[in-house]
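Student: Mind having a look at this structure? Questions to follow.
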Amino acid sequence: MTFLFRDASPSPGHGRAFCPQGSVVCIGAFDGLHLGHRALVGRAVERARALGVPAVALGFEPLPREFFAREARPPRLMLARAKVEGLRALGCEGVGLLRFNAALAAMPAEDFIRQVLVEQLAAHEVWVGPEFRFGKGRAGDLALLQAQGAALAASGRGFTAHEIAPVHVEGERVSSTRIRAALAAGEFVHAARLLGRPYAIGGRVVHGQQLGRTLGYPTANLRYGGKIPALRGIYATWVHGVGDAPWPSVSSFGTRPTVDGVEPLLEAHLFDFAGDLYGRRIEVEFVAKLRDEEKFPDLHSLVAQMHQDDAQARAILHQHEPQRAIA
């Protein structure tokens, strides 16, 4: 049961309950599925199993912060498909991404509770993270959820609402904001501690300009869905999903200024690989940052730097074991 990019308020006569037997719902942005998100989802799944109803994770697309900051959108840790796959792997039978648009931003919190949590999901329990806010003007909070749930009890449509405690790692509160900062600084070990796994980006390999092939460095290319990535530069990486073991590689993530690129593109050059990866789903695990993206005066200078990047990435990966299997 996955309902993507659905309006929170269905058209008259077209609404339907996704969970007529009831559900346990957890709500959040879930960007990155870090240890805090995993604690929230884990609690909801545990309670759903106890009650014998589906666990449903409810998120938003685009993220509310992306909607409200269109001119300076925040970086994304994870694209929608990876988020859905990750939430289902954590035990959610249902995953919903509500289309966050002007209508949803203007929806009063009470209407969101009635239309989504009660009418569409028949929630028995609702679980949220620390300091969760929702609804027009961010007026909805845990107290409102609890009050509305109790008020509906007499009609048999009530629910209870709960908040999980913040998750800390080595005294630091886990958050997507902190993970974005760690990735931007090339602090991959730190980011992995907060995520609970190494940072990686997955997707289906697409055709590029094939310039790398003519320069002696063919790449497997992944698009980033028009979103703003949390990191840019040249990296030592492992590619999962190609062979029986992760494949060593050097990857560029950015807009390719030397060749006047625009859209962020993740380009992974797999060392000593021969084969066609177009259409294959792969995952790129980031190990170490080699340098920032740079505009070179000509292709000859670019290739000379690529030789150096190749040698440096090989040396780093020779001393680093891959940590992540493709999801």
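Student: Take the range 190-209 and flag every residue that is at pLDDT below 95 and either touching a Pro at 6+ places or on another chain (Cβ under 8 Å) or hydrophobic (A, V, I, L, M, F, W, C) (or both).
Tutor: Val206
Student: Another question, then. With respect to the numbered conditions (1) among the aliphatic types (A, V, I, L, M); (2) assigned to a loop (DSSP other than H, G, I, E, B); (3) in the same structural domain as Ala72 (by TED's automatic domain parsing), which one is the sole condition not fulfilled by Ala143?
Tutor: It is condition (2) that Ala143 fails.
Student: Please specify each residue of the range 174-205 satisfying the condition of being in a loop (DSSP other than H, G, I, E, B) and among the β-branched types (Val, Ile, Thr).
Tutor: First pass over the range 174-205, keeping only residues in a loop (DSSP other than H, G, I, E, B): 174-175, 185-187, 196-199, 205.
Once the filter is applied, which keeps residues that are in a loop (DSSP other than H, G, I, E, B) and among the β-branched types (Val, Ile, Thr), the range 174-205 yields Val174, Val205.
Student: Can you tell me which residue among Glu46, Glu71, Glu85 is under 20 Å from the mean Cα position of the chain (by Cα) and surrounded by fewer than 21 Cβ atoms within 10 Å (Cβ to Cβ)?
Tutor: Working: Glu46 fails: under 20 Å from the mean Cα position of the chain (by Cα); Glu71 fails: under 20 Å from the mean Cα position of the chain (by Cα).
Just one listed residue meets the conditions, Glu85.
Student: Here's another thing I want to ask about it. Which residues, counting only those in the range 273-327, are hydroxyl-bearing (Ser, Thr, Tyr) and assigned to a loop (DSSP other than H, G, I, E, B)? Give the steps one after another, and end with the answer.
Tutor: Residues of the range 273-327 hydroxyl-bearing (Ser, Thr, Tyr): 278, 301.
Passing the criteria: only Tyr278.
Student: Output the number of residues of the range 241-253 satisfying the condition of being in contact (Cβ under 8 Å) with a residue 40 or more places away in the chain, closer than 13 Å to Phe273 by Cα and assigned to a strand (DSSP E or B).
Tutor: Matching residues across the range 241-253 total 3.
Student: Are any of the residues in the range 204-213 among the hydrophobic types (A, V, I, L, M, F, W, C) and farther than 28 Å from Val303 by Cβ?
Tutor: Scanning the range 204-213, I find no residue that is among the hydrophobic types (A, V, I, L, M, F, W, C) and farther than 28 Å from Val303 by Cβ, so the answer is no.
Student: In this structure, does Leu270 turn out to be assigned by TED's automatic domain parsing to the domain that holds Leu231, in contact with a Phe, Trp or Tyr (Cβ under 7 Å, 6 or more places away or on another chain) and over 28 Å from Val189 (Cα atoms)?
Tutor: Details: assigned by TED's automatic domain parsing to the domain that holds Leu231: yes; in contact with a Phe, Trp or Tyr (Cβ under 7 Å, 6 or more places away or on another chain): yes; over 28 Å from Val189 (Cα atoms): no.
Considered against the rule, which asks whether it is assigned by TED's automatic domain parsing to the domain that holds Leu231, in contact with a Phe, Trp or Tyr (Cβ under 7 Å, 6 or more places away or on another chain) and over 28 Å from Val189 (Cα atoms), Leu270 comes out as no.
Student: Also, I was wondering about something else. Are there any pairs with C-beta distances below 8 angstrom linking a residue in the range 135-152 that is surrounded by fewer than 17 Cβ atoms within 10 Å (Cβ to Cβ) to a residue that is small (Gly, Ala, Ser) and assigned to a helix (DSSP H, G or I), with the two at least 6 apart or on different chains, and if so which?
Tutor: Lys136/Ala105; Lys136/Ala109; Ala139/Ala109
Student: Of the conditions (1) in contact with a helix residue (DSSP H, G or I) (Cβ under 9 Å, 6 or more places away or on another chain); (2) more than 24 Å from Glu46 (Cβ to Cβ), Thr177 satisfies every one except a single condition; which number is it?
Tutor: Looking at each condition in turn, Thr177 falls short on (1).
Student: Considering only helices (runs of 4 or more DSSP H) fully contained in the range 1-100, which possess at least 3 residues that are modelled with pLDDT of 90 or more and among the hydrophobic types (A, V, I, L, M, F, W, C)?
Tutor: Working: elements: 35-51, 64-68, 80-89.
In the range 1-100, 35-51, 80-89 are the helices (runs of 4 or more DSSP H) which contain 3 or more residues that are modelled with pLDDT of 90 or more and among the hydrophobic types (A, V, I, L, M, F, W, C).
The values are calculated or read from the model by the stated rules, or taken from the named source; none is laboratory data. Everything quoted here is computed from the prediction, not taken from an experiment. Heads up, the Cβs are rebuilt from the backbone with ideal geometry, glycines too, and the neighbour counts pull from every protein chain shown.
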